[in-house]
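For reference, the structure is listed below as structure tokens.
The values are calculated or read from the model by the stated rules, or taken from the named source; none is laboratory data. Note that this is a predicted model, so its numbers are computed, not measured. Cβ atoms come from the backbone with ideal geometry, glycine included; neighbour counts cover every protein chain shown.
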Amino acid sequence: MGLTFVDDLGVRGLLPLTYTHGPQDCRVGILTLSQKWNLLWRRQEGSMSVNSRLLPNDALLLAAQSLSQGKGLRQGGQDLVWHGQADRIEWTNWDGEAEWITHPEDIFLKNGSQIRRDVNWLLEAGGEWALPSWSHRVDPDPYTAVYRPEQVYVHPSAIVRAAVFDASEGPIWIGESAEIMAGSMIKGPVAIGEHSSIKMGAKIYGDSTVGPYCKVGGEVSNSVIHSYSNKGHDGFMGNSVIGRWCNLGADTNNSNLKNNYEQVKLWDIASETFRNTGLTFCGLIMGDHSKCGINTMFNTGTVVGVGANIFGGGFVRQFIPSFGWGGTQGMETFRFDKFAKTAEKVMQRRGLALSDAERDLLQRVYKATALQRTWEKK
């Protein structure tokens, strides 16, 4: 009983993020897609299948609740939600709003609106999700400046010291046991996940999410950092999506605007071509378990695969294949045994272990992406 998330061919458009998990585990706003659906569906009886790239909304949820067994909703040839086996469904065209994540940039583009929506859903849910606003905290920090306190939600276990919260343009959500260090400035809409740390003097601009168990410093704007990833030092990150278990060295910067102000093209892994995003602002897309050294510079619209290790001076190429090792001086392949040893150490530092299932999945990605590492052919 409950929800089943079903992938379609569109999953490939979200690579490299979907090499290691389904779209439903992508974080857009405060919650992942699966967390959103489960939060809204938790009081419903029966099971339902959901397209894994689909973002929920109230109207769609209401329509889904009225579906009987063997019925489903579809829009533009895309399956949305249904009860029963997909090949035996009687489909009805849904003419309401249907929002998708189709490409990686959709995650940062939709992030601000999704933070606002998630706040409302979490407050309505009550129970374990209910959080007080800043003005209702038992012991608010007297040295923290808060603009629009009714829009600031801080978990009672969170630590906030001498920060600036500006919620005049959107809510600020601080999760369980998060720490906001002195001198941090946060301008909503922003979500900071549980057990994450915002370092001293950090500047977090609107439409940004820092997932659970992250450490973030420097300047961040309209970016989504998934769980267990670190950008712990100074440096700029804008209009970017960072996967899980990533680490960006000190003074890492990414460009999010071309000098000629032309639209940004991103390398599309599925089609093996550059795709015009239609965006003026677009930064870095980085898959899980990738790392970069100090002073790394990423050009506008750079895509980094899974398990890459990047270092050296100058702007690196706009596409770094999965398990690439090197930088402007040349690339070679990060041997899987060495990669796995590093991943184990990183996870152990957080009290976790690299499971056999995770290792097997990463090894499959390693083999599946071999042809992208063109230097192996020489």
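A few comments on the model shown:
- There is no residue in the range 193-209 that is of a type in the set (A, V, I, L, M, F, W, C), crowded, with 24+ Cβ neighbours inside 10 Å, under 14 Å from the mean Cα position of the chain (by Cα) and not assigned by TED's automatic domain parsing to the domain that holds CYS26.
- Within the range 254-267, the set of residues being surrounded by fewer than 20 Cβ atoms within 10 Å (Cβ to Cβ) and over 21 Å from THR18 (Cβ atoms) comprises LEU257, LYS258, ASN259, ASN260, TYR261, GLU262, GLN263.
- Residues in the range 332-378 that are touching a residue at least 60 places away in the same chain (Cβ under 8 Å) and in contact with a Pro (Cβ under 8 Å, 6 or more places away or on another chain): THR369, GLN372.
- So ASP234, is it farther than 18 Å from ASP25 by Cβ, acidic (Asp, Glu) and within 13 Å of the chain's Cα centre (by Cα): no
- Counting only strands (runs of 3 or more DSSP E) that sit wholly inside the range 255-362, those with at least 3 residues that are closer than 24 Å to PHE236 by Cα are 264-268, 273-279, 284-286, 302-304, 324-327.
- Among the residues of the range 185-231, the ones that are assigned to a loop (DSSP other than H, G, I, E, B) and at negative phi come to 18 in all.
- Total residues in the range 7-53, condition of a type in the set (Val, Ile, Thr) and either without any contact (Cβ under 8 Å) to a residue 40 or more places away in the chain or in the same structural domain as GLY126 (by TED's automatic domain parsing) (or both): 2
- Count of the range 240-253 residues which are buried (at least 24 other Cβ atoms within 10 Å of the Cβ) and assigned to a strand (DSSP E or B): 3
- All positions within the range 1-18 that are within 14 Å of the chain's Cα centre (by Cα) and part of a helix (DSSP H, G or I): LEU14, LEU17, THR18
- Residue among LYS215, LYS291, LYS203 that alone is among the charged types (D, E, K, R) and touching a residue at least 40 places away in the same chain (Cβ under 8 Å): LYS291
- Condition met for GLN348 (buried (at least 17 other Cβ atoms within 10 Å of the Cβ), among the polar types (S, T, N, Q) and over 25 Å from LYS258 (Cα atoms)): no
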